[in-house]
Structure formats: structure tokens, C-alpha cells
1. Just to verify a result, which residue in region 309-334, among those that are more than 14 Å from the ligand (Cβ to nearest atom) and in a loop (DSSP other than H, G, I, E, B), is surrounded by the most Cβ atoms within 10 Å (Cβ to Cβ)?
2. Would you mind finding the one in GLU44, GLU50, GLU73, GLU37 that is in contact with a helix residue (DSSP H, G or I) (Cβ under 8 Å, 6 or more places away or on another chain) and among the acidic types (Asp, Glu)?
3. Among (1) closer than 14 Å to ARG26 by Cβ; (2) open to solvent by less than 30 Å² (accessible area, probe 1.4 Å), which single condition is GLY169 missing?
4. Quick one: count up the residues across region 155-166 that are open to solvent by 40 Å² or more (accessible area, probe 1.4 Å), in contact with a helix residue (DSSP H, G or I) (Cβ under 7 Å, 6 or more places away or on another chain) and not small (Gly, Ala, Ser).
5. If you go through region 146-160 one residue at a time, do you hit one that is closer than 23 Å to LEU277 by Cβ and more than 19 Å from the chain's Cα centre (by Cα)?
6. If you check every pair at least six apart or on different chains, which have Cβ atoms under 9 Å apart with a residue in region 309-331 that is basic (Lys, Arg) first and a residue that is part of a loop (DSSP other than H, G, I, E, B) and more than 11 Å from the ligand (Cβ to nearest atom) second?
7. Would it be correct to say that ILE214 is open to solvent by less than 20 Å² (accessible area, probe 1.4 Å) and part of a helix (DSSP H, G or I)?
Amino acid sequence: MLRDTRERALKDLRISVTDRCNFRCRYCMPKEIFSREYEFLERELLLSFEEITRLVNISVGLGVEKVRITGGEPLLRKDLEHLIEQMSALDGLRDVTLTTNGVLLARKAAVLAKAGLRRVTVSLDSLDDEVFMKMNDVGFPVAKVLDGIEAAAKAGLTPVKVNMVVKRGVNDESIVDMAGHFRGTGHIVRFIEYMDVGTTNGWRLDDVVPAVEILERIGKRFPIEPLGANYPGEVARRWRYADGEGEIGVITSVTNPFCSTCTRARISADGRLYTCLFAAWGRDLRGLLRSGVTDEEIKAVLLDVWTKRDDNYSERRSSATTGLGKVEMSYIGG
Ligand code: SF4
């Protein structure tokens, strides 16, 4: 199995299919920067579905088992079900999943599931309309996202994972409500520590609510106990409700980094390969894909990039690193 300089295998590929989004979440895509004048990627610069599928097929040969489709907002990419069909037909690919803000999910869930999508993760930062609208900054209501989650469940994309980025003084008052709402539904809420992704969200450590505090708040209302990981390298740390009403997760990049088991690589919508969410640079693959080289030659490049990988940003995070140039999360997906 292919290993990087820290003995980590390459198992998960996160593929952004667009840098565009219909939300302007303050912690990812602040409106004042990603304004009407912002130059998003032109269509011809995006990898085609065939190019993405070719890359995935080559990566499966290097150990990749799971693909997560991201964005921006991936459901904005037209006919996305065709890409899922192509990828689901690949031998050796165990799992195809997707992260979405849920806006278009009620309309697309059934067709995506039919195309081979296995699971879905929906971002929802509060059940309080006022708080949620302020965070997505486009005035989009909670109810429509809940409709999308319901449609996904009906389509068999279960359990639905619900991601909540917790920012102190913004939506931390919503933590216990969120837990209460999804308890007993089978869906799994993951509470994410607010991260210094990219260079545009004005991140401060004071705005982070540590996972221990999140768990404490929930545990006071609904007793919880720790659960083991489903598999090595799982991002979320799992906890179950003591009364059996399901489980939750916490993603602790700031207070308890998990770089030592990170098996993820990311590909941007225009075909750049990043080996860390906080990387400043990515290797261009689109030029290769369009230059007529063979799969073996592309494989050699992937192998070269991964074997030289030594990323561990979250372990090194400090006041000296947060200001460094980093790729935008809206460009390579979470
Ligand atoms: S900071 Fe980078 S190396 Fe660490 S877990 Fe995140 S993506 Fe992986």
C-alpha cells in the first residue's frame, strides 16, 4: 500500500466539482470577498466528469477506496448524477458520498441515490432561522434544509450526517437544540470546531468552542458515552446517547488534531491535487490529463506527490501559522 512520509496510506479522495456556492457562510466564503465581481472558474477550466472518473480510477489503483464529492456547493454542478453513475461503476471503489448545504437536496436526492450515491452529509449550523440566515448570509431558511434531509432519508441515503460548525457567540447556543432535534432519528450530528481554513474568515482562537465543552453542554442535557471509531482514520470522534437514542460526533482539528491518521487527498474543480486542507499549493493534474499522457504516467505523478507528503498542519497550528497563505476551503471542499 502506498504510504507517505508519516506512514499514512492514501484512502480517501475529496473532489470539488465547482468553486461556486449559493451560500456565503461567513467562516468559508464571506460575501465581501466572494462578491458579484469575484471571478469564479470558467466552465472550460473545470475537469469534465470523464476526467474526474479517470483520475478516480487511477487513484483506486493506488489504494483509494472512498470518494467524497464537494464544492463550493456540488449540487450546483449540472447533471452531477452522471458523474456519480460513472464513478459507481468503477471496480474497487467502496464508497461514493457527498457534502452539500442541502438547498437542492429535496429536488436531487432520489436521482443521486439512483445513480449510485451511498450517503450524504448536510451542513446545517443552527435550527434557529435568524442565526442560520445570518451564518449563510443569503437569508436561506432552516426548513428547506430539513426538507432536503428528509428527502435524502426517503431516498435511502442514510444515516444522514449533519455537520454543524460551532462558532462562539454566533451559534453555540444552538448546540443542545441541534442534538435534541436529531436524537432518535438515526441521523448523526457532527459538531465541528471552527477552523482557520483559507485566508478570508478572520479566524481567532477565542471563537473556537472546544469539543470538550460541546460534549459537556450536550451531556448535561442528554447523557453520553464515548464510542470507538468505525475505522482507522475516521475524522469524527464518536459518542453515543446513554439511553440508546443514537450517536453524535465531534471533529477536533483545533484541540485534538488527527493528522497522524489522515488518509485524505483533495482535488480542486480545476484539477489541482492538494495533500492537506490547509495547504498553500496543489499539483496541476488537468494539464497532464489534457496532454495525452498515459494512466501509468499520471499514476507515477500521484505516487510521487503522495510519497513525499508530510502534512500535519493542525499539529503545527499556532499564532505564527494562522496567517499563512492557505487554499480556500470553498475551492477544494472541506
Ligand atoms: S490538517 Fe491536513 S494533514 Fe492534518 S488532518 Fe487536516 S488535512 Fe490531514
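1. Here is the first cut: in region 309-334, the residues more than 14 Å from the ligand (Cβ to nearest atom) are 319-320, 323, 325, 328, 330-331.
Those left that are additionally in a loop (DSSP other than H, G, I, E, B): 319-320, 323, 325, 328.
Working: SER319: 7, ALA320: 8, GLY323: 10, GLY325: 9, GLU328: 18.
Selected residue: GLU328.
2. Working: GLU44 fails: in contact with a helix residue (DSSP H, G or I) (Cβ under 8 Å, 6 or more places away or on another chain); GLU73 fails: in contact with a helix residue (DSSP H, G or I) (Cβ under 8 Å, 6 or more places away or on another chain); GLU37 fails: in contact with a helix residue (DSSP H, G or I) (Cβ under 8 Å, 6 or more places away or on another chain).
When all the criteria are applied, what remains is GLU50.
3. Every condition holds for GLY169 apart from (2).
4. Selection size over region 155-166: 0.
5. Step one: filter region 146-160 for residues closer than 23 Å to LEU277 by Cβ, giving 160.
This time we only want the ones that are more than 19 Å from the chain's Cα centre (by Cα), so: none.
Among the residues of region 146-160, not one is closer than 23 Å to LEU277 by Cβ and more than 19 Å from the chain's Cα centre (by Cα), which makes the answer no.
6. ARG309/THR5; ARG309/LEU10; LYS326/GLY198; LYS326/THR199; LYS326/ALA280
7. Numbers: open to solvent by less than 20 Å² (accessible area, probe 1.4 Å): yes; part of a helix (DSSP H, G or I): yes.
Yes; evaluated as a whole, the condition is true for this residue.
Per-residue answers, yes or no, for (1) in contact (Cβ under 8 Å) with a residue 12 or more places away in the chain; (2) open to solvent by 30 Å² or more (accessible area, probe 1.4 Å); (3) not acidic (Asp, Glu):
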residue: PRO74; (1), (2), (3): yes, no, yes
residue: ARG77; (1), (2), (3): yes, no, yes
residue: MET87; (1), (2), (3): yes, no, yes
residue: GLY92; (1), (2), (3): yes, yes, yes
residue: VAL111; (1), (2), (3): yes, yes, yes
residue: ASP125; (1), (2), (3): yes, no, no
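The values are calculated or read from the model by the stated rules, or taken from the named source; none is laboratory data. Please read these numbers as outputs of a predicted model, since none were measured by experiment. Glycine gets a Cβ as well: all are built from the backbone with ideal geometry, and neighbour counts include every protein chain shown. Just the protein is used for accessible areas: all its heavy atoms, side chains included, with ligands, DNA and RNA removed. Shrake-Rupley method; radii C 1.70, N 1.55, O 1.52, S 1.80 Å.
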